[in-house]
Amino acid sequence: MSQHTSLKGSSKIQARRNVLKRFERVELLKKQGRFKAGQKVFGLPKTKPE
């Protein structure tokens, strides 16, 4: 019996995420120079993944 195509392993899934976690957004904003040390991490501006 073969395995259904929707039950593929997670290692084969290569979709790009369009929502970043908060720490990823902070890192991206630091690279862009839009986040300063000591700034609050709530209410961050929207960012798009690289």
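The values are calculated or read from the model by the stated rules, or taken from the named source; none is laboratory data. For clarity, every value in this text was computed on a predicted model and none was experimentally measured. When we count neighbours, we look across all protein chains shown, and the Cβ atoms used for this are built from the backbone with ideal geometry, even at glycine. The protein model used for the area step is the full one, side chains on, heavy atoms only, and it has no ligands, DNA or RNA in it. Shrake-Rupley method; radii C 1.70, N 1.55, O 1.52, S 1.80 Å.
With (1) open to solvent by less than 100 Å² (accessible area, probe 1.4 Å); (2) assigned to a loop (DSSP other than H, G, I, E, B) as the list, and Gln14 as the residue in question, which single condition is left unmet?
Of everything listed in (1) open to solvent by less than 100 Å² (accessible area, probe 1.4 Å); (2) assigned to a loop (DSSP other than H, G, I, E, B), Gln14 misses just condition (1).
Under 6 Å between Cβ atoms, at least 6 apart or on separate chains: pull out the pairs that start in region 26-46 with a residue that is modelled with pLDDT under 95 and end on any residue that is outside any loop (DSSP other than H, G, I, E, B) and aromatic (Phe, Trp, Tyr).
none
Going by the structure shown, is Lys48 surrounded by 10 or more Cβ atoms within 10 Å (Cβ to Cβ) and not hydroxyl-bearing (Ser, Thr, Tyr)?
No.
Name the residue that is most open to solvent (accessible area, probe 1.4 Å), counting only residues in region 18-45 that are aromatic (Phe, Trp, Tyr) and part of a loop (DSSP other than H, G, I, E, B).
My answer is Phe42.
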